[in-house]
Structures are given as C-alpha cells and as structure tokens.
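Following: one structure in structure tokens, then a few remarks.
The values are calculated or read from the model by the stated rules, or taken from the named source; none is laboratory data. Just so we're clear, the structure is a prediction, and the values are computed from it rather than from any experiment. Glycine also receives a Cβ, built like all others from the backbone with ideal geometry; neighbour counts cover every protein chain displayed. Keep in mind that these areas ignore ligands, DNA and RNA; they rest on the heavy atoms of the full protein, side chains included. Shrake-Rupley method; radii C 1.70, N 1.55, O 1.52, S 1.80 Å.
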Amino acid sequence: MTHQTPTPRVLTLLTEDWAAQALAEDVRRALATSPHILSPRWLYDSCGSALFEAITRLEPYYPFRAERQLLADHAAELLAVACPDAVVELGAGSSEKTRQLLDAAEGLEHFMALDVSASAIGDALPGLAQRYPSLSLSGVVGDFSEHLHATVVGERRMVVFLGGTVGNFYPDERRDFFRAVAESLRPAESLLLGVDLVKEPRRLVAAYDDPQGVTAAFNKNVLAVVNRALDADFDLRDWSHVARWDAEHQRMALSLVPSTAQRVRVKSLDIEVQFEAGEALHTEISTKFRLPALQDELRGCGLAPTRVVTDGDVALVLATR
Ligand code: SAH
Ligand code: AVI
C-alpha cells in the first residue's frame, strides 16, 4: 500500500480582488505624495518571490546563509526554552531555513506558514508535507500586519519571523507589529525574531546591489506588477535600481530612479504623473539593528527577550509576552 501524504490546508485571506484594490490605493497614494513610497509587499508576485529565492543564493547576500547557520547551531537550545507544539511562520517564503527548527523540534504537532505570496505558500507546502509527514501543516495567504488572528493553532506556539523581514517596516509600522504580536501571544507562547545587524556599509551595499543584477530585477519587477494590475505604462528600461546606506536611520534604502524625465500613465486609476530625471520611487527599506536598542524596543511593546544568539552579522531574539 502506498503512503499518501495529506494535502495541507490553505486559507486564502487575500483574494485577487482585495489585492488589486489595495494595490490601487497604495499606488494612488504613493504617486500623489512626495517622496513617493510604495509598500514592499508588492515586490512579491510569483516572479518577485522567485527572484527573492535567487537573491538568497547570491554570494554577497550574507543574511540568508548566516541566519540558516545560526538556526542550525541554536535550534535545540531555542526550542528547549520555547517548548512549542506549533510553529507559525510569518512571511514564510520557501521556509527553507525553518527546516533547521522543524528538524530539531521534538513533540511538534503543527506548522503553519503565512505569506502574502500565494505562489510562495503553494510552492513550499508540498515539500514540507513530504519531509514532515507527521506534522499537521497549513498555509495562510495573508498579511502579517492584518491577519495574526488567523494564526491560532495548537496550544503553545512559537511565532517565527525570519530573514530580517521586520527591517522592511518603517519604525511606526514595526512598533504596531510588535504590539500586535504581543497581544496575540498566549501566555508561554513566544516570538522568534531574525534580524540583520548594523555593519560596514560597504558589505551592506554589496548585499543589495549584486553585480549580476538579480536584486535590480527583483526591485524593478514591482513596476511590471503595477503595469499589469493597473494598466500602467512604466517603461522598465528607463528605470535604475538604487541601493544606498541611509546612515541617519541605519537602514538600506532601495528605490527606482528614472534616468530621464518620465510621464507615467496609470490607466485604471485615470492618473498621469510626471517623474523628473533622478526623482525616486521608494520601494523598500531594510533596517539594520543594534541588539540593546532592539531589546528595549521589544520590551516597550510588551515583548520580553529571553534568549539572544548572534554570529555578529545577524541575530535571533526569542521573546515572550
Ligand atoms: N522568511 C523567508 C522569506 C523572507 S522574504 C526568509 O527568511 O528567507 C519576505 C517574505 O515576506 C516573502 O515571502 C514575502 O512574500 C513575504 N511578505 C512581504 N510582505 C508581507 C506581508 N505584508 N504579509 C505577509 N507576507 C509578506
Ligand atoms: C525580505 N527582506 C528581509 C529582504 C531584505 O534583505 O530586506 C528583501 C530584499 N530586498 C533586496 N534584497 C533582499
């Protein structure tokens, strides 16, 4: 008799209609205000998710490898403190690194992956189901700033948020997120947060501006997303990827900048906007952290750090309510 792996359940909270509507509102706001700032969530259509996977394999993009190694080295210790029966991963992507945790976890019953990208969830779950046949697996196509309520599973969750994705929030969004996580944790549940640390700007810029142009393609893909969803006419050939270190805010700032003046039409919103040469469309920030300030910030939001592990480049912080 052949053993059949059960198909993981997927709950879709972000319908295509909702996404189109939210993108329309975000683009309308970004183009009407200066500076022009888009939410980074639009970077992750199926093409963007695949390009992010390619970024994780690039030599200069150290955070992925460093965090995977840190998880491998400390999974048992972190799990011994948290004792979860469920792991819930926010912004899960491929969940590749999370396997370090799942491999080391004893007594784990549930794994739930939440991601805004339906393709990331759809691509990751079958491989996880093969590898962990005894786990109850589920996926949520949702937004980690809006749908934490949909992640209640098991009795004692470890909510994991890896890859430095928390650095993609602006400070006020980050505080709202930490507070919402603190409120959603039941007593004894924990948050495992992976962050990238402040380091030499040369290494940071190299990680976000690779010579093969993969990060540039990832960034520029958002223009293709807007063109397709809103019938806009951004000409990708006229826009360049810019990655600079913003020392004042301790973050990488990614933007798209036109080489010559551009008149962009967004037909489905019935708007036209003029970009001057060099006028940026800001697509993503990637904040880098110092551990003492981060721990203070977590405490101020109702999250008490209980373990911190680091290799000096990236860190994992375990926190409870
Ligand atoms: N956790 C993985 C992937 C990081 S890439 C890792 O550490 O390698 C960031 C992930 O967050 C992507 O999979 C992207 O689709 C997802 N994401 C971005 N914005 C999101 C949002 N608002 N809500 C949920 N997921 C989001
Ligand atoms: C997902 N996020 C944490 C990545 C980062 O490093 O900020 C996204 C990324 N953007 C460009 N390269 C990687």
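Before moving on, here are some points about what is shown:
Yes/no per residue for (1) within 27 Å of D311 (Cα to Cα); (2) in contact (Cβ under 8 Å) with a residue 24 or more places away in the chain; (3) within 16 Å of ligand 2 (Cβ to nearest atom); (4) open to solvent by less than 40 Å² (accessible area, probe 1.4 Å):
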residue: R131; (1), (2), (3), (4): no, yes, no, no
residue: L162; (1), (2), (3), (4): yes, yes, yes, yes
residue: G167; (1), (2), (3), (4): yes, yes, yes, yes
residue: R174; (1), (2), (3), (4): yes, yes, yes, yes
residue: K199; (1), (2), (3), (4): yes, yes, yes, yes
residue: A206; (1), (2), (3), (4): yes, yes, yes, no
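- Checking each residue in the stretch 104-127 for being assigned to a helix (DSSP H, G or I) and of a type outside the set (S, T, Y) picks out A104, A118, A120, I121, G122, D123, A124, L125, P126, G127.
- E96 loosely packed, with under 14 Cβ neighbours inside 10 Å, assigned to a loop (DSSP other than H, G, I, E, B) and within 16 Å of ligand 2 (Cβ to nearest atom): no
- Filter result (open to solvent by 20 Å² or more (accessible area, probe 1.4 Å), at negative phi and assigned to a loop (DSSP other than H, G, I, E, B)) within the stretch 218-271: D233, D235, A247, E248, H249, S259, T260, A261
- Checking each residue of the stretch 73-90 against the condition of being within 16 Å of ligand 2 (Cβ to nearest atom), over 17 Å from T310 (Cα atoms) and modelled with pLDDT of 95 or more gives at least one match.
- In the stretch 63-93, the residues that are assigned to a strand (DSSP E or B) and under 24 Å from D45 (Cα atoms): V88, E89, L90
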